[in-house]
Amino acid sequence: MKKVILFAFVFSLIGLSDLFAQRLVYTPQNPAFGGNTFNYQWLLSSAQAQDTFEDPASRDDRLGFGQDPLNDFSESLNRQILSRLSREIIDRQFGEESLESGSYNLGDYQIDISNSGSGLIVTIIDNVTGATSIIEVPFF
């Protein structure tokens, strides 16, 4: 008889524990996965607060120059000189006058101009990197 009463007591405790149980339902936090859309701003601000990476383009100073304004000026000047030289080569090669042979030093560049049987040869040597470009402009 004691066993039956003990068994009934344990069974009733198990039965009562079901009365306090509840169903667990998963609801995602992220709105991209079906969560509440009002969580979006909080998740975004939390992610931005933890972001430690910097955009390399945002490191430029306020005037819009790169790292060194003097270096930018030098590069701009070299580009303009090379552009003008290319215009002169084209104008003289296809015009009445011919371009004079010789060697010219322009900042970081050494430019050698020579005539060959097939046309004009322009050799551009970058003194900083040692890179060489050879351009041949044919006679017409």
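Readers should treat all values here as calculations from the given coordinates under stated rules, not as data from a laboratory. Please read all numbers here as calculations on a predicted model, not as lab measurements. Virtual Cβ from ideal backbone geometry, glycine too; neighbours counted across all protein chains shown.
What the table below lists for this structure:
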item	result
Highest to lowest packing among 73-79, 127-133, 50-56, scored as the average C-beta count within 10 Å	73-79, 127-133, 50-56
J(HN,Hα) series, the stretch 22-28, from Karplus relation 6.51 cos²θ - 1.76 cosθ + 1.60, nearest Hz, glycine and proline x	9, 7, 8, 10, 8, 10, x
Projected label distance in nm at Thr27 and Leu77, using a 7 Å step from Cα toward the beta-carbon	6.8
When the convex hull of its Cα atoms is projected in every direction, mean area for the stretch 100-139 (nm²)	2.7
